[in-house]
Every structure is written in C-alpha cells, then in structure tokens.
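Working notes, structure below.
The values are calculated or read from the model by the stated rules, or taken from the named source; none is laboratory data. For clarity, every value in this text was computed on a predicted model and none was experimentally measured. All Cβ positions, even for glycine, are placed from backbone atoms using ideal geometry, and neighbour counts span all protein chains on display. Keep in mind that these areas ignore ligands, DNA and RNA; they rest on the heavy atoms of the full protein, side chains included. Shrake-Rupley method; radii C 1.70, N 1.55, O 1.52, S 1.80 Å.
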Amino acid sequence: MSSTTAVSLTELKNRIETRQARIGIVGMGYVGLPLALLFSNERFRVTGFDIEQRKVETLNNGGSYIVRILPQAIQQAQRVGFVATSNYSDIEAMDVIIICVPTPLNEFHEPDLSYVSSTVESIAPHLHDGQLVVLESTTYPGTTEELVVPLIEKGNRHGLTVARNSAENGIHVAFSPEREDPGNETVARHDIPKVVGGCGVVASDLASACYGSIFRRVIPVSTPSVAEMTKLLENIYRCVNIALVNELKQLCMRMGIDIHEVIDAAKTKPFGFQAFYPGPGLGGHCIPIDPFYLSWKAKQFDFRTRFIELAGEVNINMPYFVIDQLADGLNRHRKSINGSKILVLGLAYKRDIDDLRESPSLTIIELLREKGAAVSYNDPYFPTVGHGRHYALNMTNTPLDNLARYDAVVIVTDHSTYDYRAIVDQSQLIIDTRNATRGIDSPKIVRC
Ligand SMILES: NC(=O)c1ccc[n+]([C@@H]2O[C@H](COP(=O)([O-])OP(=O)(O)OC[C@H]3O[C@@H](n4cnc5c(N)ncnc54)[C@H](O)[C@@H]3O)[C@@H](O)[C@H]2O)c1
C-alpha cells in the first residue's frame, strides 16, 4: 500500500511500532527541531516543514541554527532519512503530522493563532484517511476542537472529517503539549512525561502509541482541552510563583533581609515548598505569554483570572524596578542615568541559552536609552541584536574589557561563562538582578 492512500488503524499502529511510520513536523524551531531529532534517534524517517527557507536550507546542508543543537546531530538524523522542506504537498506522504508553530500574543495582548490557522489551512488539503495530526503549540483550552478540527474539515479536498471512534474513517486529531525547559540539562527530554488528549479514543490511542515510541511515559487524558489546560496550569503555576518571589524580594530589600538566603533555607523543607527565584522580569516564549491565553479565553465565560493578572502586573514591572535600583546606585556616586555609560551583561531571557524572545533585557535597554544612557551589551550568544517583535535595538556585542569605563554594569542574565569576581573587581558599580555575585563581598554590588 502506498503511504498516500488510506491507512487502517491497525496498520498505522503497526507502522509506529516498527518505526516505518513517516513523521512530519511542522515548525523547525526550538520545539520542533529537537522533537524531530528525538524521532530520528528512534530511527523514524522525519520530514521537517518550515516556511523559513533559510532554516530549510541550513538543515538540508547538515547545519544547525540553534546553539545547543550541534550540526552533527542534524547529520546523524539525515542518515536515517531526515529532510527539511517548505513544500506542503509532502504532507500526503506522512503518517503523523505534528504542529509546533508559534503562538504569540498580538499588540493588544490577545492570543495570536494566525500561525496555527495558516499551518492547518496549508496542510488540510493534503490530509488523507487515517493520518494523525497533533497540535503541540501552547494554547487556550478549546483550540484543537474549535479551530483545528473545523479548519481541517473545511480545507480537506477529499471532504474527510475528523474521526471520533474506531468504526469511523477520517483524520485523527490530538493535542499534546510540549513541556521542555530549554537549557535544563537535569532531565532528558524523553524523560519528561508526554500528556496526550485525543479527539476520541482512537486519536488518543494513536497519539499515545506514537509518543510512547520516543518518550518513556505517556499520560493520556480524556480530551484535547484537558491537555491544553494542563500545559497552561504548569506555566501559570511558574508565572504566579515567580511573581510571588519577585514581590517578596522587594519587601525583603526594604527589610534588610536577603531573599536568596530565605529561599535557600525554605527549600530545605522536604515537602510543600518548591523554590522559585526572583529576577529582572519574565522572558521566553512561554511564561510571559501563555497565562494570557487563558485570561483571554476566560472572558468568554464571564470569568476574571485575577491571579494571572496580578502575577502579570508584578512581573511586567520588574524591569522598571531594576531601573530604579540602578538610578539609586548611580545616585550614590552622584550620577544620573542620563549621560551614564551602562553595560548590560547578558541578553538572553535565561542563563546559557541563545533565546532572546520577550527577554527583560530588551525592556531594560529601551528604558535606559529613553532616559539618556549610553547603553552597550555583552552576551556571547548574540554577536548582534537587530529588531524583533517588540524591540529595535540594532546593537553589536561589546567585548568584556575595560569595564571601568562604564558607570554601571547591570547583570541581567547570569551566563555561567562569566567570571563574576573579575567583573566585580573591574567595575565601578554592579547591579546584580540574578544573585550572580553571591559569595562576593563588595560595596560596589547592588543586589536586586
Ligand atoms: N521554546 C520553548 O521552550 C517552548 C516550550 C514549550 C512549548 N513551546 C510552545 O511551542 C510552540 C513553538 O515554539 P517554538 O519556541 O518552537 O517557536 P519557534 O519560533 O522557535 O519555532 C516555530 C517555527 O515555526 C515556523 N513556522 C511558522 N509558521 C509556519 C507555517 N505556517 N508552516 C511551517 N512552519 C512555520 C517558524 O518559521 C519557526 O521555525 C509555541 O506554541 C510555544 O509556546 C515552546
């Protein structure tokens, strides 16, 4: 049987078990590319779809554009059939299609599902009986049933519908959230249990079989909405707890208490407490964004998600708090932000990664420029920074020499490659938003 004709349920399961199933992953970004490599490691033939031609070419040339993914990993995947393409007609040859495209907020802070919609509209005509489509992009509960399913049914050129039970022909659809923590080397990706919610038991069963071949544990849940909400609960939990420690940090500073010492003591409790750490504000594609997907959806149900709004308010204000601390620090040296030379150390939204999305460093640099500072940055992961969704910096990485020429150095991201002792020794004033200088005793340091 050719792979572009209808595939029976048993046959698809069999193909998955024998690694014959062809896997298509749409969106070769921070989520999709590592997922493609996981399937390739298990000897599946994977096709990566992306609209960015530069990415497709880099991958097909055996290269990588994500620092922590080495070109050798791409080349190893190529040896078991990995290819990248922008051609959606190749969807027909796939058995499983997994969608990993962005889900940002628009300028009004509302969900922007245009990437998901356009992806589903592009793949829908090419889908055939018996294929499994899984959405992995983080989104509000209801997206799979209310957006993905109707778009597939509307766009399919064979007039196929989404199958709901074993007796039915059609396309199988499920949602399975990506739960990766970029830069966290303590848990291997295949050890993160995979939550799966299908539109019907068959889709759930197929998606579980598919992910079960690359993840050690699969957690089936009753519906896609449960799976969608699970991901949001996890991220809202982080967002709210980070806001809590950010607020307590500000109180502790007024009270002369070291919040980090408090957290270190509290986390010795063997139950009922999980440590979260304060910082200069939230960053990344998930925590600053995902909670607002739920608060937007909640309004349809005449419900206000007050925890989310409050946590958002505290976290969004953190870059402004950093600027206040810098102003106080400079004031002690009889200087103002206006006219000062400031070095921002670390741009990435967290340590040791090459991801700038929603990073608080961007807001901090813009605020400093608005106040008349001459701002430079150092971050080994970004030789240059141009402009993005919410920023236009157009800056070049400054070498870490002659730090004494800056009126202040603001540590925004605590990359592990920095020698913090040397940085403190050479600088006039340090604003440390990450407790990166812990253990170093110097009147030059403002920990905030
Ligand atoms: N990055 C993370 O750590 C992380 C963790 C968990 C969940 N997520 C979620 O996963 C999803 C993807 O995030 P990401 O970080 O991989 O995003 P990303 O921006 O790194 O990658 C998305 C990719 O999709 C491509 N794309 C966009 N529209 C497309 C289309 N119509 N067809 C084909 N390709 C298209 C883009 O070119 C890009 O390469 C988001 O919903 C995000 O919230 C991300």
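A few comments on the model shown:
- Per-residue Karplus couplings for region 268-278, computed as 6.51 cos²θ - 1.76 cosθ + 1.60 with θ equal to phi - 60°, are listed in order as 6, 5, x, 8, x, 9, 10, 6, 10, 10, x Hz, Gly and Pro entered as x.
- Integer Hz, Karplus 6.51/-1.76/1.60 couplings in order for region 187-194, x for Gly and Pro: 10, 5, 4, 6, 8, 7, x, 9
- Packing, taken as the mean count of other beta carbons within 10 Å per residue, orders the peptides 9-21, 368-380 from highest to lowest as 368-380, 9-21.
- With all projection directions averaged, the alpha carbon convex hull of the chain covers 22.7 nm².
- Solvent-accessible surface of the chain, taken per residue with a 1.4 Å probe and all protein chains present: 45 Å².
- Taken as Cα centroids, region 55-81 and region 197-230 sit 28 Å apart, rounded to the nearest whole angstrom.
- Environment charge of S222, counting only residues whose C-beta is closer than 13 Å and scoring Lys/Arg +1, Asp/Glu -1: -3
- With q set to 0.20, 0.25, 0.26 Å⁻¹, the log10 of I(q)/I(0) for region 1-70, from the Debye formula over equal scatterers at the Cα positions, is -0.85, -1.11, -1.16.
- Projecting the Cα atoms of T223, G183, P71 onto the charge dipole of the chain (Cβ charges, centred on the Cα centre) puts G183 farthest toward the positive pole.
- Taking the Cα centre of the chain as reference, the dipole from Cβ charges on Lys and Arg (+1) and Asp and Glu (-1) amounts to some 720 debye.
- Charge dipole of region 246-447 (Cα centre as origin; +1 on each Lys and Arg Cβ, -1 on each Asp and Glu Cβ, all else neutral): 320 debye, rounded to the nearest 20.
- Convex hull volume per residue in cubic angstrom - Cα atoms of region 31-183: 130 Å³
- On the basis of the beta-carbon distance and an R0 of 51 Å, N397 and F271 show a calculated FRET efficiency of 0.70.
- Normalised Debye scattering of region 152-215 at q = 0.19, 0.29 Å⁻¹ gives log10 I(q)/I(0) of -0.76, -1.17, counting only Cα atoms as equal scatterers and leaving out solvent.
- The order of the peptides 394-404, 265-275, 114-124 by mean Cβ neighbours within 10 Å, most packed first, is 114-124, 394-404, 265-275.
- Furthest towards positive pole of dipole, C286, V409, Y211, structure part the chain, Cβ charges: V409
- DSSP beta bridges confined to the chain are antiparallel in about 15 percent of cases.
- As a fraction of the 1.4 Å probe accessible area of region 16-71, surface on carbon and sulfur atoms comes out at 48 percent.
- Straight-line cross-link reach from K335 at under 22 Å between alpha-carbon atoms covers these lysines, not counting any fewer than eight positions away in the same chain: K371, K444.
- 30 Å tail of the calculated P(r), region 246-447, as % of Cα pairs: 23 percent
- When each of the peptides 235-248, 196-209, 435-448 is scored by the mean number of other C-beta atoms lying within 10 Å of its residues, the order from highest to lowest reads 196-209, 235-248, 435-448.
- Long-range amide H partners of V218 with built H, under 5 Å: K194
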